[in-house]
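Asks: Quick one: the structure is below, and I'll ask about it shortly.
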Amino acid sequence: QVQLVESGGGLVQAGGSLRLSCAASGSGFPINAMGWYRQAPGKQRELVATITRGGTTNYADSVKGRFTVSRDNAKNTVYLQMNSLKPEDTAVYYCNARVVVWDYWGQGTQVTVSS
């Protein structure tokens, strides 16, 4: 069973930065894509950014140019550097890892951006 542990959320003013981390453990297979999703109150969960094992990235249009996703394959850890944060970035951020055909999720970390 793959476990994902997130850290790095918090409260920040608009224009500020935060860095999220997510460490995966317990996988007997290589972890393919890892990434971040978010869910704001009353909204559906949406993709923020993903990165493949080979380093190919994909971003939501709303975060392009502000957020950067990266990973350390040796540590099975994915990061999300968030710059120029906006109040509309406020949400619970969830880490995701795909192993073979299965998706695993972290418990979520709250990011709140004040105006």
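Asks: Rg to Rh for the chain: what is it, with Cα atoms only and Rh by Kirkwood?
Replies: Here Rg/Rh amounts to 0.96.
Asks: Relative contact order for the chain using alpha-carbon pairs under 8 Å, separation at least 6, rounded to a whole percent?
Replies: Once divided by the residue count of the chain, the mean separation gives 37 percent.
Asks: Report the full-extension gain for the segment LEU47 to PHE29: residue separation times 0.36 nm, less the Cα-Cα distance, to one decimal in nm.
Replies: Full extension from LEU47 to PHE29 adds 4.1 nm.
Asks: Under a straight-distance cross-link criterion of Cα-Cα below 19 Å, which aspartates and glutamates are reachable from LYS64, leaving out those fewer than 8 residues away in the same chain?
Replies: Within reach: GLU46, GLU88, ASP89.
Asks: Give the residue from VAL78, THR90, GLN13 lying farthest towards the positive end of the charge dipole for the chain; charges sit on Cβ (+1 for Lys and Arg, -1 for Asp and Glu) and the dipole is referred to the Cα centre.
Replies: Farthest towards the positive end: VAL78.
Asks: A follow-up question, please. Please calculate how many Å² of accessible area segment 1-90 carries per residue, with a 1.4 Å probe and no DNA, RNA or ligand atoms counted.
Replies: Roughly 54 Å² per residue, with all protein chains present.
Asks: About the Cα centre of the chain, what is the dipole size in debye to 20, counting +1 per Lys and Arg Cβ and -1 per Asp and Glu Cβ, all else neutral?
Replies: 120 debye
The values are calculated or read from the model by the stated rules, or taken from the named source; none is laboratory data. Quantities reported herein were computed from a predicted structural model and do not represent experimental measurements. All Cβ positions, glycine included, derive from the backbone under ideal geometry; neighbour counts span all protein chains shown. Accessible surface is based on the protein model in full, side chains and every heavy atom, while ligands, DNA and RNA are left aside. Shrake-Rupley method; radii C 1.70, N 1.55, O 1.52, S 1.80 Å.
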